[in-house]
Amino acid sequence: MKRRLVVIGAGMASGRALEHLLAADPGGWDVTLFNAEPRGNYNRIMLSPVLSGEKSYAEIVTHDDAWYAAQGITCRFGEAITAIDRAARTVTCANGTVAYDKLLIATGSAPFIIPVPGHKLPGVVSYRDLDDTNAMIEASAKPGGKAVVIGGGLLGLEAAAGLAARGMEVTVIHLMGHLMERQLDPAAGYLLQKDLEKRGLRIHCKGATKAILGTNRVEAVLLEDGTVYAADLVCMAVGIRPETRLANSAALEVGRGITVNDQLCTSDPDILALGECVEHDGQLFGLVAPLYDQAKVVAATLAGTHAAFRPVQTATKLKVTGVDLFSAGDFAEAEGREDIVFRDPARGIYKRLVIEGARLIGAVMYGDTADGAWFFGLIKEAADITAMRDTLIFGPAYQGGAQTDPLAAVAALPPEAEICGCNGICKGTITAAIGAGASSLADIRATTKASASCGTCTGLVEQLLAVTLGDDFKLPTAQPVCRCTDLTHEDVRRLIKSQALKSMPAVMQELGWKTSCGCHVCRPALNYYLLADWPLDYTDDAQSRFVNERNHANIQKDGTYSVVPRMWGGMTNPRELRAIADAADKYAIPAVKVTGGQRIDLLGVKKEHLPHIWADLNAAGLVSGHAYSKGLRTVKTCVGTDFCRFGTQDSTGLGIKLEQRLWGSWTPHKVKLAVSGCPRNCAESTCKDVGIICVDSGFEVGVGGAAGMDLKHTEPLAKVATEAEAIDLTVAFVQLYREHAKYLDRPYKWLAKVGLPWVQQQVMDPAIRAGLIERFDLSQTVYQRDPWADRATPAAQAAFAPLADLTREAAE
Amino acid sequence: MTQSWLDIGALEDIPRRGARVVKTRHGCVALFRTAADQVFAIDDRCPHKGGPLSEGIVHGNAVTCPLHNWVFSLETGLAQGADSGAVATYPAEVRQGRILLDCARLIAGRAA
């Protein structure tokens, strides 16, 4: 004898419950499925892509007529139940009554409508089902239509993005101070707002709706602060409340939702409920994961087996194409909780982990959410993260070291785990490429594009090669900075930023340096990273600099120094040349040489003479040429249009402007520039760190050339029309290099690691470029100072002299 | 040999993790001040290629020669790691903020 099951509501939760029930007991139930909507179950989560036009309704149907027929389910779609008679065990609709042995209530939720004046005007919709979605699609068909979305939560933003994708001019009004305040903290909310504004959405936070205006249909929305936004469509997406009216009328126990126990039974043991309409242990449910868990329990309870519903943590992802956002767990600030924050403003990345004791309890990520699933796992498992705390924020890829075997971690990743975020390449694609014969990093890059963009996944790809090929692949070992630490340069740079480490002791303390004050390898690197990342907070440490940068001159094999005054763009004049000649005479300079960088080198200067010769040269207007620095060296130029019959632009003038903008800046390694006035390239621009070739129509900016131990032609960064753009591009490139390169990597080496396309994308994006230039200029306010002038003082002169002279002390 | 302490200057005249030189008839002596304010005196001439050790980066109780990165212990004058060699060391100490150097071997004229 089949038992009779009546289900009220054909949504995602009840659909999943029916699947479980009928799979376990195919002939045991006579199921009648009522649905107020005139259709069966579809994937409501995918309404956003339907609204934006990326999917059709047919694509999101989960159970079609054929499925219901095959399961022998009696479908009563478009029929709303009006009453439950618990004593008689029947339900009533307009067409009569149906008896049940067991009843499952899955009425879901109803949108919350703010009862402001005008909320019933035609053109005001909510965003819950296909009918709402279709109404919005219809409204968006009118060209130039304006929409106002009230509510900047998950649902409201998906509606807004969908309407914008359909060509409407969209304004989002949000009551709170930042978007999605339940899922995001203010910082991530800010990034989200910026991103959405870039896509053309107008966002109005702290906006309270006072009234919806219009005579026959909606015309505008009025806010409490007096702002009025014109609107052809108003979408209310301020929240949902459990749909409990039927349960209330049937005198079932109802709190905020229909009260259920662990078995999903209501206060009437023959009536079960699940989904957004229920309240379990004081909690309501809006996301799909716990609903699916409930579906399993409902099926078990109906089948007479024991199961208990235990709500699990849920994670949120916003389904707006191109917006990458993830949040999970609890991220409110509270006593005993600590944050680890990583920000990369240039790339719009923000990650925040909330830690309580030894456990990760919350995660908010914006811009790069590749590790979201992994963090979510740690939260759910309440894993002890003490051992990996230092590098936790960098995700599973950085959990190497002694505690865990990185290869095992890579081996354990599922095939669909994303390895290369830039190109969206998952593990399965890479292992397939290895199976098809790829045996090196270069092969993988060529066949799959993985690790071919920003390169940060290179380590992961190499580990995959090692795991898949075994002994056939030699894993390059990550090189620590030096013996004071096991961390690599890349690790240290990231940690300095993410942990906001602003002093040498802070770095050594927080990153567990094994020595008391570092060594000659790590200290200059740390000093550079700190001054580059925190120009206003960190004070340059002369004792952590190599002798040349400490003494602002190049030490020679005999302990004497060379002095090179700057000659802007290689230009000089008789006055400067006389001052140099006089200084050479006065200090008995043994050798005077013209350098490859178009200036003059005075070789063989004694250390104690340095501040004096500098003072003399300063008096003639000459400043340090930084010929000794990991910084801007020279800008070599040809004479350009001023004199040359082939010149197309004022190459000398541009060279001088570049040198005046960039001088004094510290960089990971030395930086040499050149500007040639025509493609004959007399200034040899094509082998410089940045080389500009002037042509009739503008300026070709090349980067990453080399003419030292390696010989390398520059790669074309971009061609621009104006001198100002050429300067902007150069400054942005130098700053990007300053922020990201490993200490002592020349630009061409760094470029090989990150790839030209990524660099182009960064410096060509107007917002990112402006940010880079702004940060460069900020740093220059601190570091663009002539070190010679600073040391032409009696105190500095004394410091460069011997502390004592015992040659005249009499022997006893 | 008897000791002959000479007041060379104030501790503050040498930067922490830095050095200054003292000229003597036998060449320069480098006076180092460590991060922990200890003072050491050694010959300012690397036995490898004559590099001025006073210009090296000071780390712990060691200095790295600026020319080719040989590392010397300031306490013993011995080259560290794979390199072998040594520089002479001289007694030096700090008293009431003043640096005292034992100049017995530095002032005395060497027998020709």
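So how many residues does the range A:489-522 have that are closer than 19 Å to A:Pro668 by Cα, assigned to a helix (DSSP H, G or I) and within 14 Å of another protein chain (Cβ to nearest Cβ)?
2
Step by step: first the residues of the range B:36-45, then only those that are more than 11 Å from every other protein chain (Cβ to nearest Cβ) and acidic (Asp, Glu), then the one that is surrounded by the fewest Cβ atoms within 10 Å (Cβ to Cβ). Which residue is that?
B:Asp37
Out of A:Leu577, A:Leu526, report the one residue that is assigned to a helix (DSSP H, G or I), touching a helix residue (DSSP H, G or I) at 6+ places or on another chain (Cβ under 6 Å) and away from chain B (no Cβ under 11 Å).
After ruling out the rest, the residue left standing is A:Leu526.
From the list A:Gln797, A:Gln784, which one is closer than 30 Å to A:Thr560 by Cα and surrounded by fewer than 17 Cβ atoms within 10 Å (Cβ to Cβ)?
Just a single option satisfies the conditions, and that option is A:Gln784.
Can you name every residue in the range A:733-755 that is outside any helix (DSSP H, G or I), out of contact with any His (no Cβ under 7 Å at 6 or more places or on another chain) and surrounded by 21 or more Cβ atoms within 10 Å (Cβ to Cβ)?
A:Ala741 - this is the single residue of the range A:733-755 that is outside any helix (DSSP H, G or I), out of contact with any His (no Cβ under 7 Å at 6 or more places or on another chain) and surrounded by 21 or more Cβ atoms within 10 Å (Cβ to Cβ).
Looking at the range A:649-668 only, could you name the residues that are open to solvent by 10 Å² or more (accessible area, probe 1.4 Å) and assigned to a loop (DSSP other than H, G, I, E, B)?
Once the filter is applied, which keeps residues that are open to solvent by 10 Å² or more (accessible area, probe 1.4 Å) and assigned to a loop (DSSP other than H, G, I, E, B), the range A:649-668 yields A:Gln649, A:Asp650, A:Trp663.
Just to verify a result, which residue in the range B:46-78, among those that are more than 9 Å from chain A (Cβ to nearest Cβ) and open to solvent by 20 Å² or more (accessible area, probe 1.4 Å), is farthest from the chain's Cα centre (by Cα)?
Checked the range B:46-78; the qualifying residue farthest from the chain's Cα centre (by Cα) is B:His68.
Looking only at residues in the range B:5-15 that are at the interface with chain A (Cβ under 7 Å from one of its Cβ atoms) and not β-branched (Val, Ile, Thr), which one is most open to solvent (accessible area, probe 1.4 Å)?
Taking the candidates together, the pick is B:Asp13.
Of the residues in the range A:636-668, how many are within 28 Å of A:Tyr587 (Cα to Cα) and of a type outside the set (Phe, Trp, Tyr)?
Final tally of qualifying residues: 1.
Kindly establish whether A:Asn216 is under 22 Å from A:Ser126 (Cβ atoms) and touching a residue at least 60 places away in the same chain (Cβ under 8 Å).
Judged against the criteria, A:Asn216 is a match.
Would you please list the contacts, defined by Cβ atoms under 7 Å and residues six or more apart or on different chains, that run from a residue in the range B:11-29 that is under 12 Å from A:Asp805 (Cβ atoms) to a residue that is hydroxyl-bearing (Ser, Thr, Tyr) and part of a loop (DSSP other than H, G, I, E, B)?
B:Lys23/A:Thr807; B:Thr24/A:Thr807; B:Arg25/A:Thr807
Show me the strands (runs of 3 or more DSSP E) found entirely inside the range A:256-338 where at least 3 residues are more than 30 Å from A:Ala88 (Cβ to Cβ) and at pLDDT below 90.
A:315-317, A:325-329
Those residues that are among the β-branched types (Val, Ile, Thr) and either in contact with a Gly (Cβ under 8 Å, 6 or more places away or on another chain) or more than 13 Å from A:Pro396 (Cβ to Cβ) (or both), I need them from the range A:357-385; list them, please.
A:Ile361, A:Val364, A:Thr369, A:Ile379
The values are calculated or read from the model by the stated rules, or taken from the named source; none is laboratory data. Here the structure is a predicted model, which is why all the values come from computation and not from measurement. All Cβ positions, glycine included, derive from the backbone under ideal geometry; neighbour counts span all protein chains shown. Protein only, heavy atoms only, side chains kept; ligands, DNA and RNA dropped before computing areas. Shrake-Rupley method; radii C 1.70, N 1.55, O 1.52, S 1.80 Å.
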